[in-house]
Amino acid sequence: MSNESSPLRKLKRQLPDADAIEALQAESTGETNLIYTFPPRLTGYFRAEENDAAPSLLDFGSATREVAFSGYTCLRNQVAIRRHSPDMSLSLVIFESLDEVPAAISADFLRQAGSERPDQAAKEFNDFATPHYRYSQGYCGWLLQQPEYWQDIESIVGLFGNDLKGELLPQQVFGRPKEAELIEDDDDRAATVAFKAFCNKWRLQGLTTLDLPVVVQPQLTASTIYNPKSPPHSVSPHIPDIFSVDAKGPFASVLESSRMGIDAPHLAEWKEIIGIKSRQKKKVDRYARQFSLQHYWGVLLQRYPKQTYKRKVDISEVFGKYFAVNPKAIAKDIQKMSILIDRKLSTFL
């Protein structure tokens, strides 16, 4: 008997057919085997309401198809559909840092799951998870605006060459979740060694796609892959230096000093932003928004070049509603990220 939940089994049965994908990509200038989807809430803004002064961004058929496709990846963290050659089978692409901050976990949920202290556990989890999610998302937004990062990406792509078409780029480097493809320690191929060094340099677990970097996460457990021999009855924190130490007291000061003392000049700007005494932390939310914005804006322009031609004002209005900010802030973001917006999204990996 399958151990998959019924919603997931149902979702797999409802993946789109070839005709549906072809219709979605009819106007596209770049997509082939990697079809990104939009969040359901965002697709609702693609068609204007009756009392809206601005015209609809997409025609009725396109907007309807986008709503349908958002349903294929309606479960959290499912951001795209990948089409595999040669059998053209489909699979869902999982990525955790693209959408909005996850809803808080409830004490009732933990109580039903068997927690002995659900209220305290829910508070501890939410206090820990929410800011780290935002830091991950903000770091991705900052990272994608670093020219050195894209130079390194080009080098990695050049080393792997055609292997990328077979999805041979390892998805996980430092994490060890079940069934993840890993770089083995004895794998001395130049490409895999270089990829591991690239991930170490930029504090990544790997790449979900070439457009979606997976950030190494903090670990607060007694025994982790980073420190499997930690003493019993103790906590061994693993805090990557790209995460802020949001605490007070001598222990926090020691952690902050250690974090800032790691020699990484290419990360200096980000570290200054998230420093324990920094007054720039508002930039984290801005970079987080920019990460999602540049991705969805790029997908929109690449998929609908005719319908979006010379419509930056209308698109800014749509994303202003989605992110609940002034459209002028969206326009400034886009101007700052014009190189990213004009870059072609990856077509397979």
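The values are calculated or read from the model by the stated rules, or taken from the named source; none is laboratory data. Because the structure is a prediction, the values reported are computed rather than measured. Every residue, glycine among them, receives a Cβ derived from its backbone with ideal geometry; neighbour counts consider all protein chains shown.
Here are the numbers for this structure:
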{"read-out": "Criterion (touching a residue at least 60 places away in the same chain (Cβ under 8 Å), of a type in the set (Gly, Ala, Ser), within 26 Å of VAL157 (Cα to Cα) and assigned to a loop (DSSP other than H, G, I, E, B)) met by exactly one of SER292, SER346", "value": "SER346"}
{"read-out": "Given (1) crowded, with 16+ Cβ neighbours inside 10 Å; (2) of a type in the set (S, T, N, Q); (3) modelled with pLDDT of 75 or more, index of the condition GLN112 fails", "value": "(1)"}
{"read-out": "Residues being at pLDDT 90 or above and not in a helix (DSSP H, G or I) - total across the stretch 193-212", "value": "3"}
{"read-out": "Within the stretch 322-340, tally of residues that are in a helix (DSSP H, G or I) and either under 21 Å from the mean Cα position of the chain (by Cα) or closer than 15 Å to HIS295 by Cα (or both)", "value": "11"}
{"read-out": "Failed item in (1) crowded, with 21+ Cβ neighbours inside 10 Å; (2) within 16 Å of SER244 (Cα to Cα), with ASP285 passing the rest", "value": "(1)"}
{"read-out": "Enumeration of residues in the stretch 213-246 that are modelled with pLDDT of 85 or more and in contact with a strand residue (DSSP E or B) (Cβ under 8 Å, 6 or more places away or on another chain)", "value": "PRO213, VAL214, VAL215, VAL216, PRO240, ILE242"}
